[in-house]
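Report on the following structure.
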Amino acid sequence: MRRLLYLLPLCLVLNGCLLTKVVTEPLRIAGEVVGEIPVVGGGIEAVLDTTAGTVDLIPL
């Protein structure tokens, strides 16, 4: 019970940051992988990076 009392405020503080990281990290990794495709990879990588940046700006 005591652990829960310490863990609950920590989860509330880190909730927004962790939520956006769970969404944006796969986007950034996919962008890096797709960016290796010669012709269209750079454009797709830019779109995914921009999307991840926008998600990071959401105030959670």
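Here are some notes:
- Members of the stretch 25-41 found to be aliphatic (A, V, I, L, M) and touching a residue at least 12 places away in the same chain (Cβ under 8 Å), listed by number: Leu27, Ala30, Val34
- Selection status of Val55, at pLDDT 80 or above and assigned to a helix (DSSP H, G or I): yes
- In the stretch 40-60, of all residues being surrounded by 15 or more Cβ atoms within 10 Å (Cβ to Cβ) and small (Gly, Ala, Ser), the one that is nearest to Val23 (Cα to Cα) corresponds to Ala52.
- Taken together, Thr20, Thr24 contain a single residue that is among the hydroxyl-bearing types (Ser, Thr, Tyr), under 15 Å from the mean Cα position of the chain (by Cα) and modelled with pLDDT under 75, which is Thr20.
The values are calculated or read from the model by the stated rules, or taken from the named source; none is laboratory data. Just so it is clear, the model here is predicted, and its values are computed rather than measured. Cβ sites come from the backbone with ideal geometry, for glycine too, and all protein chains shown count toward neighbours.
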